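Presented below is the structure to which this report refers.
The values are calculated or read from the model by the stated rules, or taken from the named source; none is laboratory data. Computed from a predicted model, the values in this text were never measured in an experiment. All Cβ positions, even for glycine, are placed from backbone atoms using ideal geometry, and neighbour counts span all protein chains on display.
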Amino acid sequence: MLTLKMTKTKLVSFTGIVVILVIVGVTIGLAAPATSSARRLTDRGPDDCTPVIIAHRGASGYVPEHTLGAYALAILMGADYVEPDLVITKDGHLIARHDNSLGLTTDVASHPEFAHRHRSQAIDGIELSGWFTEDFTLDEIKTLRTVERIPDIRPGNARLDGSFQIPTFQEIIDLVKSMQISQRRTIGIYPEIKHSSHFKNIGLPMEELVVNTFHSNGYLDSSSPVYIQSFEVNNLKELKKLTNLRLLQLYESDKSTQPADQILLNTGLTYYNMSTPEGLAEVAKYAAAVGPDKGYIIPRNDDNTLGDPTTFIQDAHAVNLKVHPYTFRAENSFLPEEYKSDNPSESASGNLKGELQKFIDAGIDGIFVDHPDIALRLRGPCL
């Protein structure tokens with residue numbers, strides 16, 4: 001039975017009630033095999049099984065991403081880690097959103113009181129127009145409700161539009177700690193720091209705040225069930241000096257691009273440079289793991305079928321880096337051609353297990369996945 005304690009962050013609120021309703025309605029049909037396996041395990045840690053299952057933005061294949069409902073469902077399914085993307089508010093609070101732009105994932109456009117906040121700005125070199133978290137206080141953010149980011153592909157999720165608030169990082173930690181009791185296992189937290197240089201340049205740096213939040217909640221060193229991830233480089237090197245928590249270097253799908261901070265520093269460093277044996281050896285000086293787009297491991301052919309594995313995993317393992325590729329999703333829109341279902345709809349579910357098995361056979365250590373129950377059933381029970 002799920003129990004949510006009342007905390008200073010008021011977990012049991014309207015959002016908490018909806019979380020419970022979603023879990024009751026969804027997990028019975030989708031997560032029973034994985035949940036029953038997880039509940040037989042006592043005091044299991046998130047790194048005790050291979051590959052580790054990282055619930056990408058929660059169980060975002062079933063519930064709108066970055067909501068307490070998505071994280072709670074992922075935990076009940078048996079996910080080893082939950083993954084929040086972190087951005088920051090005007091008054092310095094860490095919240096979970098895919099980006100600092102609020103238009104695609106919240107109902108901000110329907111709030112006339114915030115119409116004047118709509119503006120344009122460059123973020124990581126890209127000109128964007130919309131509403132941005134750094135222009136809102138936390139109290140204002142809490143008046144918004146979340147919506148499904150890709151409703152054409154996930155129309156079932158869109159039925160929950162308006163059901164959830166935007167959670168703070170502390171609320172996510174509180175949820176995880178509460179559910180660890182009922183689940184009888186340790187659940188990991190795997191945040192990504194988004195747009196680090198952008199926020200730092202406007203006077204809202206996140207790195208020390210993320211570390212202090214973790215430390216104040218008892219997550220202190222490399223044995224803690226934590227990874228902190230970023231697509232940038234220098235902020236991870238900064239974090240290495242601030243904490244002994246494990247760090248993960250993310251890699252963009254386009255190998256020719258540069259991390260945002262490296263563009264600002266004019267270093268010329270690309271993700272390709274970072275993916276070579278020499279580049280991985282440099283990454284290993286500050287990170288414990290790498291999170292490449294899955295194409296670094298098994299690229300796709302011109303016909304969108306899976307090609308042959310590269311040496312990326314072997315090269316990373318040679319310098320003691322774990323490999324946690326992203327993102328595995330069940331819908332046809334995201335699958336290789338040979339694993340799509342006969343239903344031609346882009347929103348139809350195909351053979352995610354088949355794709356996952358290819359990557360597991362290649363030797364990956366972890367999986368960022370929107371449908372954690374599917375990955376867990378493939379992995380099976382472990383001790």
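Data overview
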{"item": "Pro225 in contact with a Pro (Cβ under 6 Å, 6 or more places away or on another chain), in contact (Cβ under 8 Å) with a residue 40 or more places away in the chain and farther than 30 Å from Glu338 by Cα", "result": "yes"}
{"item": "Pairs where the first residue, in the range 33-54, is more than 18 Å from Leu73 (Cβ to Cβ) and in a loop (DSSP other than H, G, I, E, B) and the second is among the polar types (S, T, N, Q) and modelled with pLDDT of 95 or more, C-beta under 6 Å, 6+ apart", "result": "Gly45/Thr186"}
{"item": "Filter result for Glu208 (modelled with pLDDT of 95 or more and touching an Asp or Glu at 6+ places or on another chain (Cβ under 8 Å))", "result": "no"}
{"item": "Residues satisfying the stated conditions in the range 343-371, i.e. over 25 Å from Thr310 (Cα atoms) and modelled with pLDDT of 95 or more", "result": "Asn343, Ser345, Glu346, Ser347, Ala348, Ser349, His371"}
{"item": "Hits in the range 91-113 - residues which are assigned to a loop (DSSP other than H, G, I, E, B), surrounded by fewer than 23 Cβ atoms within 10 Å (Cβ to Cβ) and of a type in the set (A, V, I, L, M)", "result": "Leu104"}
{"item": "Residue in the range 188-202 that is within 13 Å of Thr89 (Cβ to Cβ), buried (at least 17 other Cβ atoms within 10 Å of the Cβ) and aliphatic (A, V, I, L, M) present", "result": "no"}
{"item": "The one condition in (1) closer than 30 Å to Gln121 by Cβ; (2) crowded, with 17+ Cβ neighbours inside 10 Å that Asn212 fails to fulfil", "result": "(2)"}
{"item": "Qualifying residue in the range 326-339 (condition: hydroxyl-bearing (Ser, Thr, Tyr) and touching a helix residue (DSSP H, G or I) at 6+ places or on another chain (Cβ under 6 Å))", "result": "yes"}
{"item": "One residue from Asp124, Asp107, Asp80 being at pLDDT below 95 and not basic (Lys, Arg)", "result": "Asp124"}
{"item": "The range 93-127, residues that are of a type in the set (Gly, Ala, Ser) and over 30 Å from Asn266 (Cβ atoms)", "result": "Ala96, Gly103, Ala109, Ser110, Ala115"}
{"item": "Residues of the range 227-243 satisfying the condition of being over 18 Å from the mean Cα position of the chain (by Cα) and charged (D, E, K, R)", "result": "Lys237, Glu238, Lys240, Lys241"}
{"item": "Odd one out for Ser197, checked against (1) of a type in the set (Ser, Thr, Tyr); (2) more than 22 Å from Gln121 (Cα to Cα); (3) part of a helix (DSSP H, G or I)", "result": "(2)"}
{"item": "Residue check for Leu128: farther than 22 Å from Phe231 by Cβ and free of Cβ contacts under 8 Å to residues at least 60 places away in the same chain", "result": "no"}
{"item": "Tally of residues being over 22 Å from the mean Cα position of the chain (by Cα) and closer than 29 Å to Tyr62 by Cβ across the range 132-154", "result": "3"}
{"item": "Only one of Thr89, Thr35 that is of a type in the set (Val, Ile, Thr), on the phi < 0 side of the Ramachandran plot and modelled with pLDDT under 95", "result": "Thr35"}
{"item": "Those helices (runs of 4 or more DSSP H) lying entirely in the range 231-324 with at least 2 residues surrounded by fewer than 21 Cβ atoms within 10 Å (Cβ to Cβ), in contact (Cβ under 8 Å) with a residue 40 or more places away in the chain and of a type in the set (D, E, K, R)", "result": "234-242"}
{"item": "Selected residue (criterion: nearest to Asn332 (Cα to Cα)) from residues of the range 346-372 that are in a strand (DSSP E or B) and in contact (Cβ under 8 Å) with a residue 60 or more places away in the chain", "result": "Val369"}
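Condition check ((1) crowded, with 18+ Cβ neighbours inside 10 Å; (2) within 18 Å of Pro299 (Cα to Cα)) across all residues:
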| residue | (1), (2) |
| --- | --- |
| Asn332 | yes, yes |
| Glu338 | no, yes |
| Lys353 | no, yes |
| Pro381 | no, no |
